[in-house]
Amino acid sequence: MECVRSGALDLRCQGKVFGSATACGKAGCSTNLAGSAKQNLHGKAKHLQLSATGTSSLVHRGPVLKHQRSLAVRSAAAVDAYTTFDENVKGVTSHAVEEKVGVLLFNLGGPETLNDVQPFLFNLFADPDIIRLPRLFRFLQRPLAKLISTLRAPKSKEAYASIGGGSPLRRITDEQANALKIALKEKNLEADIYVGMRYWYPFTEEAFDQIKKDKITKLVVLPLYPQYSISTSGSSIRVLQNIVKEDAFFAGLPISIIESWYQREGYVKSMADLIEKELTVFSNPEEVMIFFSAHGVPLTYVTDAGDPYRDQMEDCIALIMEELKSRGTLNNHTLAYQSRVGPIQWLKPYTDEVLVELGQKGVKSLLAVPVSFVSEHIETLEEIDMEYRELALESGIENWGRVPALGCTSSFISDLADAVVEALPSASALTTRKVKDANSDMDMRQYLTKMLFGSVLAFFLLLSPRLVSAFRNRLQ
């Protein structure tokens, strides 16, 4: 998450793209976008299953089946319906080309200058999908966001200063958007590409304004997060749901939402390609530990709110390692979660703790793989490349490497284009349905005692070092 470990906290326990594609934030990044027919990871032709479940709430998702090869596309036109399409997509019909198609890329956003850091953090923490307050106390959302962003801004500014004074995420996302437009054109689909950032410019709402002005007739929503989480894709999709409720244009607009795509063959093979390439840099590649580091989320997101993120992440790692094994790469691997913040429990194991343990166990060569990120940003360039690298070397690991983010890797962009083409047939007008809120199953007394007096108090005391220091000084 583009927030220097500002992360998601659970206290309940502009869009149109111009210009040409460039290097997507990494040297030597290819932009050969010619599409190719895809095969099953085991070499068998297969069909791709598109889910069209139709619910308007994205908090609860069913369990993810291991080694599932499905593209999750949400459409409200049908409930519990599934449509299969041939995965060997070469292009689209002339009818689809005649449509005025739009593709909306969701991303987090990031401060472009040091002066942007505090307002960016405010936008982040003001999101109820990031700091999840009990319903009765949501009036505290903005005051809390103001407090946290003010306290965290100095440290975050230091981190952004160390990578050049701002986040490269917008520039890289624009480059990916341009590359996707080219790839779609090569598949006989003319589409306008829009970028909607959740917490900084161009905001998601700005992208929707432009889509309406351009009179798009069919829209595919593609979050640039391989795995689905409430705090990433879910938050941006919730903005879409609210707009559909309020705007007749979007209420009638055929829309397909690709919720997650970590299981797509193009993504898996692209990740395996990058890992293989970086392993060759080591003098003894077979001895290197492949270290997958994913952005963490609070444990309660998974246990209480049904977030499928952990299951999807574990499935993703299994698919990548299966692909590497099929190529003869048999290295050991491990998964850990980074960027935790605050007094609550996050998904484990934690990246910093695992690095120390690996050093103590005698691991000498390690290749870090930022598996939940497809663009370079603060958590790859500063947290992994600087903080975790230094910690690894201090812990006894002698040889360190890091796989670059996918950026505009040609095979990756081409596969995203295939995902868009495959999603188009399921586009239909979204409907809004009243869905049972996750909070309704929890006793109100549990809210008051467990969340208000526990989490909120712990949040103020433990997350805010300045408050702790001031409190201690007052006692002395």
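The values are calculated or read from the model by the stated rules, or taken from the named source; none is laboratory data. Since we're looking at a predicted model, the values are computed, not measured. Note that each Cβ is placed from the backbone with ideal geometry, even for glycine, and that neighbours are counted across all protein chains shown. For the accessible areas, the whole protein counts, side chains as well, though only heavy atoms, and no ligand, DNA or RNA atoms are used. Shrake-Rupley method; radii C 1.70, N 1.55, O 1.52, S 1.80 Å.
Which of the strands (runs of 3 or more DSSP E) found entirely inside the range 56-145 contain at least 3 residues meeting this: modelled with pLDDT under 50 and within 30 Å of residue 300 (Cβ to Cβ)?
Fully inside the range 56-145 and qualifying: 72-74.
Being open to solvent by less than 10 Å² (accessible area, probe 1.4 Å), of a type in the set (A, V, I, L, M, F, W, C) and either out of contact with any Phe, Trp or Tyr (no Cβ under 6 Å at 6 or more places or on another chain) or in a loop (DSSP other than H, G, I, E, B) (or both) is the filter here, so list the residues in the range 285-297 that pass it.
288, 290, 291, 292, 297
Evaluate the following for residue 186: is it touching a strand residue (DSSP E or B) at 6+ places or on another chain (Cβ under 8 Å) and open to solvent by 10 Å² or more (accessible area, probe 1.4 Å)?
Criteria not met by residue 186.
Quick test for you: out of 349, 370, pick the one residue that is modelled with pLDDT of 95 or more, more than 16 Å from the chain's Cα centre (by Cα) and more than 19 Å from residue 286 (Cα to Cα).
The unique qualifying residue is 349.
Under 9 Å between Cβ atoms, at least 6 apart or on separate chains: pull out the pairs that start in the range 107-121 with a residue that is within 23 Å of residue 194 (Cα to Cα) and of a type in the set (Val, Ile, Thr) and end on any residue that is at pLDDT 95 or above and buried (at least 19 other Cβ atoms within 10 Å of the Cβ).
113/160; 113/166
Is it the case that residue 282 is outside any strand (DSSP E or B), aromatic (Phe, Trp, Tyr) and at pLDDT 95 or above?
yes
Are any of the residues in the range 256-278 over 26 Å from residue 403 (Cβ atoms), out of contact with any Phe, Trp or Tyr (no Cβ under 6 Å at 6 or more places or on another chain) and open to solvent by less than 10 Å² (accessible area, probe 1.4 Å)?
Yes, the conditions are met somewhere in the range 256-278.
Please specify each residue of the range 365-395 satisfying the condition of being within 20 Å of residue 225 (Cα to Cα), outside any loop (DSSP other than H, G, I, E, B) and hydrophobic (A, V, I, L, M, F, W, C).
368, 369, 378, 381, 384
Mind telling me which of the residues 306, 362, 328 ends up being over 23 Å from residue 262 (Cα atoms) and not aliphatic (A, V, I, L, M)?
Checking each option against the conditions leaves just 362.
Quick one: residue 300 ticks every box in (1) open to solvent by 10 Å² or more (accessible area, probe 1.4 Å); (2) modelled with pLDDT of 95 or more; (3) in a helix (DSSP H, G or I) except a single one, so which number is it?
Failed condition: (2).
Exactly one condition in (1) of a type outside the set (D, E, K, R); (2) surrounded by 19 or more Cβ atoms within 10 Å (Cβ to Cβ); (3) outside any helix (DSSP H, G or I) is false for residue 149; which is it?
Checking residue 149 against (1) of a type outside the set (D, E, K, R); (2) surrounded by 19 or more Cβ atoms within 10 Å (Cβ to Cβ); (3) outside any helix (DSSP H, G or I), the one that fails is (3).
Please pick out the residue among 342, 362, 328 that is open to solvent by 30 Å² or more (accessible area, probe 1.4 Å), in a loop (DSSP other than H, G, I, E, B) and under 28 Å from residue 148 (Cα atoms).
On inspection, the qualifying residue turns out to be 342.
Conditions: (1) closer than 30 Å to residue 174 by Cα; (2) open to solvent by 20 Å² or more (accessible area, probe 1.4 Å). Residue 308 meets all but one. Number of the miss?
Condition not satisfied by residue 308: (2).
Is there a residue being under 19 Å from residue 430 (Cβ atoms) and either open to solvent by 10 Å² or more (accessible area, probe 1.4 Å) or over 18 Å from the mean Cα position of the chain (by Cα) (or both) anywhere in the range 219-228?
Scanning the range 219-228 turns up at least one residue that is under 19 Å from residue 430 (Cβ atoms) and either open to solvent by 10 Å² or more (accessible area, probe 1.4 Å) or over 18 Å from the mean Cα position of the chain (by Cα) (or both).
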